[in-house]
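To start, the structure itself, in structure tokens.
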Amino acid sequence: MMYLQSVAADPKSLVARMRAGKAEPAALRREVQRLASQTDGRGISVEEVGILQQRIAGMAAAGSLSSITRRDLREGCKVVLQPPHAPARDPRLLAGLLGEVEHNKRRAAFFALIDAYLDGFDGEDETLTSLAGRLEALAGRWPWRQGDQWSERIRDFSLLDPAKAPALLAERILAGDADPRMVFEEAGLNTPGRRFGSLAQAAFRSACHLVMGRKGQEAVDGQRILIAWAADETGKFGYQRAWPDFVKASLVPWEVVEPSEEHKSALIAMLERFGGGDPRANPQRWRTVMDTAPGAYAVLMRWLTRASVLQFLDIVDRLMPDPAAKLMWAYRRAFWMSYLLSDGNSPGINAAWVAFGTDGARLARQAARASGDKSFTAFGIQNDKSAQHAALILQMGDLTIVDWSHSAKYQVWKRDDKGVPQLFLSEYRYGALYSAPLQESHVSPKTFSWQKRLASIIEGRQCLTPKKAWRP
């Protein structure tokens with residue numbers, strides 16, 4: 001009858017709906033089904049919610065709220081924050097509803113108010129903050145029964161204080177070894193909507209900020225908890241608005257010191273899984289992190305650059321056909337490791353990417369399966385040389401350098417040169433990696449001839465003496 005009453009009150013609304021779609025019966029039936037499906041999740045349509053809210057508002061205006069039925073009071077409390085006419089946005093109407101709940105000790109309505117607050121949590125919304133204050137005062141006067149869990153939940157987690165609740169939840173989860181879901185169950189936030197709702201998201205962000213300030217093993221422990229907490233039922237990242245906070249919590253503690261290789265690999269794998277792949281190949285997902293936390297992003301790039309260089313060196317080692325070639329390659333390996341592990345007295349490698357031929361790509365995929373390290377699958381395919389050739393693409397200051405395996409020449413581009421190859425591509429067309437203005441061979445590696453020549457280009461100063469680190 002509610003729907004018919006609304007049509008009778010405003011016949012033009014029905015005419016407007018009929019004009020919105022086609023006039024055929026089938027199209028009209030589909031439109032009716034669509035309208036009927038617009039519910040607030042409690043089996044009551046958005047249209048019916050508005051009628052209920054207007055009815056309650058009319059009773060309040062007429063001073064007859066004392067005659068409200070139990071059902072209308074309960075249902076009105078459920079939708080106290082819901083559009084289109086949220087009672088909580090009218091202080092006098094909200095006071096009237098809460099007064100009826102308290103005066104008549106309507107438990108179902110009171111618990112419906114708590115549910116509405118938790119489900120609609122927004123710590124920055126003045127309406128919700130006002131509702132929380134009124135509920136907290138009411139909870140302090142409420143005649144709780146033995147066994148009422150909400151009394152303890154409200155007290156232990158300050159649930160009705162939007163400024164405190166997120167931090168208390170975060171501290172409780174980070175302080176224990178229990179699954180975060182157990183803490184949510186204890187706090188009454190264990191439904192899927194609440195576990196990944198706004199209050200849980202605010203708590204997660206608070207926990208990220210706490211972990212961001214940790215060091216050493218405390219950071220490792222906190223990050224492991226965050227990883228377990230962040231995953232939803234499908235294993236995907238559950239708190240999308242907190243993504244930059246999560247990345248910073250994972251990386252900021254390692255801006256100066258390095259974690260163990262095991263934990264570093266776990267962090268890289270987790271960030272790639274939650275972030276939709278290698279950030280170098282999917283930069284849009286990481287744009288906010290780049291802009292708001294360049295230090296954290298630099299940590300990840302440092303790790304991925306190191307992984308790419310080591311991957312290149314490892315796979316090329318396997319591709320070398322004979323002892324003489326392996327000895328020649330040993331000098332190149334030492335040369336690039338000296339810049340990868342730069343002590344600050346010479347330029348470091350800003351970014352790196354690998355382009356394999358088909359044989360190298362096969363070995364890299366085999367290594368990924370054998371080790372479980374997905375970083376081995378982060379590479380491109382080159383079409384300039386043979387299936388055994390591999391190209392290491394480096395950015396070092398204003399230079400882009402491509403060093404080839406086997407006997408191919410190294411290539412050097414300056415920033416303004418034409419045809420500077422882009423890093424992080426999945427495939428490189430013919431000529432893209434072998435057309436630099438400067439191309440030179442790896443002559444006399446034992447006398448460090450090519451090393452001194454290339455080092456002079458990289459460092460912008462003449463290098464006459466070989467460095468100890470260049471020796472295999």
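The values are calculated or read from the model by the stated rules, or taken from the named source; none is laboratory data. Here the structure is a predicted model, which means the values were calculated and not measured. Don't worry about glycine lacking a Cβ; one is built from the backbone with ideal geometry, like all the others, and counts go over all protein chains shown. Just so you know, the surface numbers come from the protein's heavy atoms only, side chains and all, with ligands and any DNA or RNA stripped out. Shrake-Rupley method; radii C 1.70, N 1.55, O 1.52, S 1.80 Å.
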C-alpha center-to-center spacing [the range 378-407, the range 208-227] in angstrom = 37
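Would you please classify the overall shape of the range 309-454 from the alpha carbon gyration tensor, given that a ≥ b ≥ c denote the square roots of the eigenvalues, rounded means a/c under 1.5, and beyond that prolate means a/b larger than b/c while oblate covers the rest?
Numbers: a/c = 1.35, a/b = 1.17, b/c = 1.15.
Note, shape of the range 309-454 comes out rounded.
Excluding residue 388 itself, calculate the net charge of residues whose Cβ lies under 14 Å from the Cβ of residue 388, where each Lys or Arg counts +1 and each Asp or Glu counts -1. List each step's numbers first, then the result.
Numbers: positive: 318, 326, 362, 385; negative: 317, 322, 359, 384.
With Lys, Arg at +1 and Asp, Glu at -1, the neighbours total 0.
With both partners inside the chain, how many of the DSSP beta bridges are antiparallel, as a percent to the nearest 5? Don't jump to the answer; show the numbers that get you there.
Values: 21 of 25 bridges.
Of the beta bridges lying entirely in the chain, close to 85 percent run antiparallel.
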query = How large is the charge dipole for the chain, taken about the Cα centre, if only the Cβ atoms of Lys, Arg (+1) and Asp, Glu (-1) carry charge, to the nearest 20 debye?
reply = 900
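Between the DSSP loop rule and a limit of at most 12 other Cβ atoms within 10 Å, which chymotrypsin sites (Phe, Trp or Tyr not before Pro) in the range 377-451 are left? Intermediate results must be reported in sequence, preceding the final value.
On the way: sites: 379, 404, 410, 413, 424, 428, 430, 434, 448, 450; in loops: 379, 424, 430, 434, 448.
Within the range 377-451, the qualifying chymotrypsin sites (Phe, Trp or Tyr not before Pro) (loop, at most 12 other Cβ atoms within 10 Å) are 430.
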task = Averaging over all projection directions, find the projected area of the Cα convex hull of the chain and quote it in nm² with one decimal place.
result = 31.6
query = What lysines sit close enough to residue 418 to cross-link, taking a C-alpha to C-alpha distance under 22 Å and skipping anything fewer than 8 places away on the same chain?
reply = 385, 409
inquiry  = Which one, 228, 324, 469, projects farthest toward the positive side of the charge dipole computed for the chain from Cβ point charges (K/R +1, D/E -1)?
reply    = 324
ask   = So what's the net charge close to residue 110: Lys and Arg +1, Asp and Glu -1, counting the other residues with Cβ under 13 Å from its Cβ?
value = +4
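Just to be sure I understand: if I project the alpha-carbon convex hull of the range 396-472 onto a plane and average over all orientations, what area do I get in nm²? Please report the intermediate quantities before stating the final value.
Values: hull surface 24.0 nm².
For the range 396-472, the mean projected area of the Cα convex hull comes to 6.0 nm².
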task = Compute the accessible area per residue over the chain, keeping the other protein chains in place, probe 1.4 Å, unit Å².
result = 50
note = Once normalised by the length of the chain, the mean sequence separation of its alpha carbon contacts under 8 Å that are 6 or more apart gives a contact order in percent of 7
Reduced Cα scattering model of the range 188-285, Debye log10 I(q)/I(0), q = 0.13, 0.14, 0.23, 0.24 Å⁻¹ = -0.44, -0.51, -1.28, -1.35
ask   = For the range 222-352, what class follows from the C-alpha gyration tensor (a ≥ b ≥ c being the square roots of its eigenvalues): rounded when a/c is under 1.5, otherwise prolate if a/b is larger than b/c, else oblate?
value = prolate
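On average over all directions, what projected area in square nanometres does the range 81-160 have, based on the convex hull of its Cα atoms? Mind dumping the intermediate values first?
Numbers: hull surface 20.7 nm².
Computing the convex hull of the Cα atoms and averaging its projections yields 5.2 nm².
Beta carbons within 10 angstrom, averaged per residue: use that to sort the peptides 155-167, 389-401, highest first.
389-401, 155-167
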note = Net charge near residue 443 (other residues with Cβ under 13 Å of its Cβ; Lys, Arg +1; Asp, Glu -1) is +4
ask   = What trypsin sites (Lys or Arg not before Pro) in the range 424-464 are in a loop by DSSP, with at most 15 other Cβ atoms within 10 Å of the Cβ?
value = 429, 461
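Determine the share of the range 111-218's accessible area contributed by carbon and sulfur atoms, expressed in whole percent, with a 1.4 angstrom probe.
Numbers: 2360 of 5330 Å².
In the range 111-218, the share of accessible area belonging to carbon and sulfur is 44 percent.
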inquiry  = Students often forget the sequence filter, so: which lysines lie under 24 Å Cα-Cα from residue 236 once same-chain residues fewer than 8 apart are removed?
reply    = 248, 264, 374
request  = Could you check how much of the accessible area of the range 257-307 is carbon and sulfur, as a whole percent, using a 1.4 Å probe?
outcome  = 56
note = Once phi for every residue in the range 81-89 is put through the Karplus expression 6.51 cos²θ - 1.76 cosθ + 1.60 (θ = phi - 60°), the whole-Hz ³J(HN,Hα) values, with Gly and Pro written as x, are 10, 8, x, x, 10, 4, x, 5, 7
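Using only Cα atoms, what Kirkwood radius does the range 70-226 have, in angstroms? Don't jump to the answer; show the numbers that get you there.
Numbers: mean 1/r = 0.0607 Å⁻¹.
Kirkwood radius, the range 70-226: 16.5 Å.
Please return the longest range in the chain lying between exposed loop sites, taking GluC sites (Glu not before Pro), DSSP loop only, at most 16 other beta-carbon atoms within 10 Å, and leaving the sites out. Provide the component values of the computation, followed by the final result.
Values: sites that count: 124, 233, 255.
In the chain, the maximal stretch lacking such sites is 256-472.
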ask   = Whole-Å semi-axes of the range 336-412's equivalent ellipsoid, largest first, each the root of 5 times a Cα gyration tensor eigenvalue?
value = 23, 17, 9
query = Rounded to the nearest 20 Debye, what is the dipole magnitude of the range 109-194 about its Cα centre when Lys and Arg each give +1 and Asp and Glu each give -1 at the C-beta?
reply = 320
request  = Under a cut-off of 21 Å between alpha-carbon atoms, report the lysines in cross-link reach of residue 468, not counting same-chain residues fewer than 8 places apart.
outcome  = 326, 446, 452
ask   = Dipole of the range 405-448, Cα-centred, from +1 at each Lys and Arg C-beta and -1 at each Asp and Glu C-beta, to the nearest 20 debye?
value = 80
ask   = Measuring from centroid to centroid over Cα atoms, what is the spacing of the range 160-201 and the range 257-305 in Å?
value = 27
